[in-house]
Amino acid sequence: MLKYLVLPAAILGAAAAHADEGQWQPYQLPQLKSELQRIGITIPAEKLADLSKHPMSAIVALPGCSASFVSDAGLVVTNHHCAYGAIQRNSTPEHNYIVDGFLAKTRAQELPGGPNALVYVTDKVENVTARVLKGVTATMSGRQRNDAVEKAVKALIAECESDKGYRCSVPAFHRGLEYYRIRQMMIRDVRLVYAPPDMIGNYGGDIDNYEWPRHTGDFSFLRAYVGKDGRPADPSPDNVPYHSRDFLVLSAEGLRNGDPVLLAGYPGRTSRYKLPSEIRAARDVGYPARVAEIQADLDVIAAATKGSEAAQVRYASVVKGLNNVMKKSQGLMDGFARKDIAAVKDAQDAVFRAWYGAQPGVSKTLLAELDAVIGADIALGDEEFGYSVATTGELLKSATTLYRLALEGAKPDAERETGYQQRDASFIKARLTRLEQSYVAAVDQARFAASLRRYAKLPTSMHVAGLDALLPAPEAATAMYAQTQLGDTAARLAWIGKDAAAVKASDDAFLKLAVKLDAVGQSLKERRKELDGNLERVIPRYMEAVIAWKKSQGKPVYPDANGTLRVTYGTVAPYSPRDGISKGPFTTVDGIVEKHTGKEPFDAPARELEAIKAKRYGRFKDDVLGTVPVDFLSSADTTGGNSGSAVMNRRGELIGLNFDSTYESITKDWYFDPAITRAIHLDIRYMLWVMSEVDHADNVLKEMTIKYPAKK
């Protein structure tokens with residue numbers, strides 16, 4: 001039996017083989033000391049590993065994004081697209097902050113970010129693997145194992161959340177080999193401070209998304225508020241700015257090709273340890289189906305909102321999110337076509353299996369068990385995709401949530417399904433409330449009817465047993481929307497706290513459908529729990545072997561990204577996407593003028609064009625470039641969720657914000673190719689220049705600590 005490898009040094013390996021690959025847990029950084037020193041990082045690795053010390057204490061998370069404190073009064077900087085929900089929430093056709101931008105000159109003018117605007121401050125991470133797996137035995141069924149792990153995780157979370165100021169989680173690392181408990185202060189009064197116009201914050205739109213060269217000023221500012229006692233509180237005019245003990249100093253001193261960068265944030269998901277069969281399933285089935293589904297949904301939204309500016313504003317955030325997912329999915333498909341990653345993984349897998357078979361005392365059945373459980377996971381994933389297509393409508397999702405909440409509410413809290421415990425009540429209410437920001441009955445009706453038609457055309461493998469007979473005909477959608485009150489926020493929220501009998505007795509069309517579909521939906525969930533338990537039994541043993549194999553080769557070993565705090569590093573670097581083409585690491589404001597057409601998405605604000613043409617560069621002119629830089633490339637290892645991540649220089653000063661990757665890099669979620677993988681960052685000098693010369697956000701500039709280049 002292979003030794004259970006959990007010590008930092010044991011699972012780390014040598015990082016020198018792939019200098020810029022790796023999304024490292026902070027505790028691993030002292031083991032990377034020589035690598036950090038080699039590229040020129042001067043912050044002690046031990047300091048980077050300590051979440052209570054600068055700069056890591058200034059790094060925070062937002063839902064789905066990353067950010068950082070940049071003043072001691074809770075001022076947070078992140079991407080424009082990360083604050084887009086707050087911008088859209090406060091926009092109307094009369095006051096369209098998406099188009100015009102927004103600047104609060106005083107704190108009293110700051111706008112509420114809404115129920116989905118949260119700031120998470122991580123203050124403690126601890127290895128709880130032994131406690132999670134204490135009651136797990138080899139003879140358990142998949143469901144029994146899943147239940148045992150879930151019970152242990154719930155207990156650990158409840159213990160951690162005895163202080164109600166914190167939100168805790170216990171994510172798995174290395175696909176279940178390790179578990180860490182993470183404690184975060186969750187600040188829930190978050191306000192919009194400043195956002196540039198969309199044609200700065202989203203210049204180039206979906207055309208330039210994932211492309212280089214890029215000229216996007218993807219930044220916005222929020223502020224975190226707490227109660228007068230300094231603890232998280234519900235939004236209130238009596239709240240005060242959060243006192244952020246540590247914050248990042250901004251450096252306008254500039255960068256050069258080859259300079260080191262350090263990036264900290266909360267990357268979402270990567271799949272670098274998945275099998276070739278999983279890659280082929282995603283390449284041949286999963287991503288094509290997703291792209292087709294998203295494009296069809298976007299077409300329906302476009303048709304249903306045509307001619308209504310109010311409807312377009314309401315669905316702006318939805319459309320932006322769908323477009324982003326679609327372009328990334330399409331990029332993955334193109335990347336898989338350009339480089340046969342499955343074949344690369346085949347070769348690696350063959351070498352691994354040969355190595356594993358030669359090790360003394362290993363399980364002779366592990367790899368066969370692995371292949372079987374992965375095959376079952378792929379098949380169930382197809383059905384889950386089909387179910388998601390059939391249940392696209394927002395009112396059906398709300399009704400399903402309300403019925404499940406009623407059923408789970410009758411159980412003791414510890415026995416409720418994850419996501420429906422007392423700790424989740426505020427999130428459920430926020431989700432049901434948030435719908436009003438992006439809901440128009442006619443649009444949702446069109447989306448629901450179209451999704452039912454698309455589901456009917458899916459392959460048989462994507463149809464869930466028993467579901468088809470329960471679904472309404474697409475033509476019935478009109479009558480259903482006439483027979484529901486769930487489109488009204490007050491009526492929707494009024495169902496919170498009602499018991500299952502009340503929901504069953506309702507004549508609301510969508511509540512009736514939710515009740516009808518519940519058994520099929522729960523059956524799918526039960527199958528998922530059984531399968532997840534089997535995955536949790538097999539994959540950690542596989543990952544243990546993979547870690548030992550990689551360590552024997554001197555290769556880096558870091559967990560796949562899972563939404564937790566990670567640190568990556570690299571250098572400012574150009575790249576060659578294909579033969580004969582080399583792309584430099586910087587873009588400048590001159591490129592904004594070159595791309596400007598006067599039509600979206602290349603319609604730069606007149607005041608910005610004027611400042612560029614007048615060469616009002618101020619202190620932000622780069623001596624080498626001769627103008628103001630906009631964005632830059634680095635070799636840092638990033639993925640979705642890293643949006644808004646602080647990009648720091650060798651001293652830990654803020655020099656940029658991560659916001660994208662090049663199109664050729666999209667497949668890095670599955671396979672890291674150091675030759676072409678590049679992250680795209682906003683140059684902090686462009687942000688400061690826009691604030692100073694274009695939007696005159698003088699009050700925000702004065703609040704921050706900025707290090708300017710020495711005058712010559």
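The values are calculated or read from the model by the stated rules, or taken from the named source; none is laboratory data. All values reported here derive from a predicted model rather than from experimental measurement. A quick note on method: Cβ atoms are made from the backbone with ideal geometry, for glycine too, and the neighbour counts reach across all protein chains shown. These area figures cover heavy atoms from the full protein model, side chains too; ligands, DNA and RNA do not enter into them. Shrake-Rupley method; radii C 1.70, N 1.55, O 1.52, S 1.80 Å.
Listing for the model above:
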item	result
The range 339-355 residues that are open to solvent by 60 Å² or more (accessible area, probe 1.4 Å), paired with ones that are in a helix (DSSP H, G or I) and of a type in the set (A, V, I, L, M) (beta carbon under 8 Å, 6 or more apart)	R353/L367
Among (1) under 30 Å from P197 (Cα atoms); (2) open to solvent by less than 50 Å² (accessible area, probe 1.4 Å); (3) aliphatic (A, V, I, L, M); (4) free of Cβ contacts under 8 Å to residues at least 40 places away in the same chain - the single one L156 does not satisfy	(1)
Odd one out for G335, checked against (1) more than 19 Å from R269 (Cβ to Cβ); (2) at pLDDT below 95	(1)
Which numbered condition A548 fails, given (1) of a type in the set (G, A, S); (2) part of a loop (DSSP other than H, G, I, E, B); (3) out of contact with any Ser or Thr (no Cβ under 7 Å at 6 or more places or on another chain)	(2)
Filtered residue count, the range 384-397, keeping only those that are open to solvent by 10 Å² or more (accessible area, probe 1.4 Å), part of a helix (DSSP H, G or I) and either hydroxyl-bearing (S, T, Y) or touching a Gly at 6+ places or on another chain (Cβ under 7 Å) (or both)	2
Listing of strands (runs of 3 or more DSSP E) fully contained in the range 554-598 that carry 3 or more residues being open to solvent by less than 10 Å² (accessible area, probe 1.4 Å)	566-571
Residues within the range 695-708 that are in contact (Cβ under 8 Å) with a residue 60 or more places away in the chain, over 30 Å from the mean Cα position of the chain (by Cα) and in a helix (DSSP H, G or I), tallied	1
Some residue of the range 112-131 being under 30 Å from S692 (Cβ atoms) and among the aromatic types (F, W, Y)	no
Among residues of the range 232-248, those that are crowded, with 18+ Cβ neighbours inside 10 Å and in a loop (DSSP other than H, G, I, E, B), counted	7
Subset of the range 360-382 [in a helix (DSSP H, G or I), within 16 Å of A138 (Cβ to Cβ) and open to solvent by 50 Å² or more (accessible area, probe 1.4 Å)]	E369
Residue that is over 22 Å from K320 (Cα atoms) and over 26 Å from the mean Cα position of the chain (by Cα), where the choices are L407, L380	L407
Selection count, the range 433-454, where residues are polar (S, T, N, Q), open to solvent by 30 Å² or more (accessible area, probe 1.4 Å) and either under 24 Å from G114 (Cβ atoms) or touching a strand residue (DSSP E or B) at 6+ places or on another chain (Cβ under 7 Å) (or both)	2
Options R678, R616, R650: the member that is of a type in the set (K, R) and closer than 25 Å to Y287 by Cβ	R678
So T139, is it of a type in the set (S, T, N, Q) and either buried (at least 22 other Cβ atoms within 10 Å of the Cβ) or assigned to a helix (DSSP H, G or I) (or both)	no
Residue within the range 599-618 that is surrounded by fewer than 17 Cβ atoms within 10 Å (Cβ to Cβ) and in a strand (DSSP E or B) present	yes
Pair list, Cβ < 7 Å and 6+ apart or interchain, from the range 313-337 residues that are in contact (Cβ under 8 Å) with a residue 60 or more places away in the chain to residues that are in a helix (DSSP H, G or I) and of a type in the set (K, R)	F336/R283
Residue match in the range 654-673 (condition: out of contact with any Cys (no Cβ under 6 Å at 6 or more places or on another chain), charged (D, E, K, R), at pLDDT 95 or above and closer than 22 Å to A83 by Cα)	yes
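Residues are listed down the side, and each one gets a yes or a no for (1) modelled with pLDDT of 95 or more; (2) loosely packed, with under 15 Cβ neighbours inside 10 Å:
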{"residue": "Q25", "(1), (2)": "yes, no"}
{"residue": "Q28", "(1), (2)": "no, no"}
{"residue": "Q31", "(1), (2)": "no, no"}
{"residue": "I41", "(1), (2)": "yes, no"}
{"residue": "P44", "(1), (2)": "yes, no"}
{"residue": "L51", "(1), (2)": "yes, no"}
{"residue": "H54", "(1), (2)": "yes, no"}
{"residue": "A58", "(1), (2)": "yes, no"}
{"residue": "P63", "(1), (2)": "yes, yes"}
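Let's see how each residue does on (1) within 15 Å of A399 (Cα to Cα); (2) acidic (D, E):
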{"site": "Y455", "(1), (2)": "no, no"}
{"site": "A473", "(1), (2)": "no, no"}
{"site": "T484", "(1), (2)": "yes, no"}
{"site": "A490", "(1), (2)": "yes, no"}
{"site": "G497", "(1), (2)": "yes, no"}
{"site": "K504", "(1), (2)": "yes, no"}
{"site": "F510", "(1), (2)": "yes, no"}
{"site": "D518", "(1), (2)": "yes, yes"}
{"site": "G521", "(1), (2)": "yes, no"}
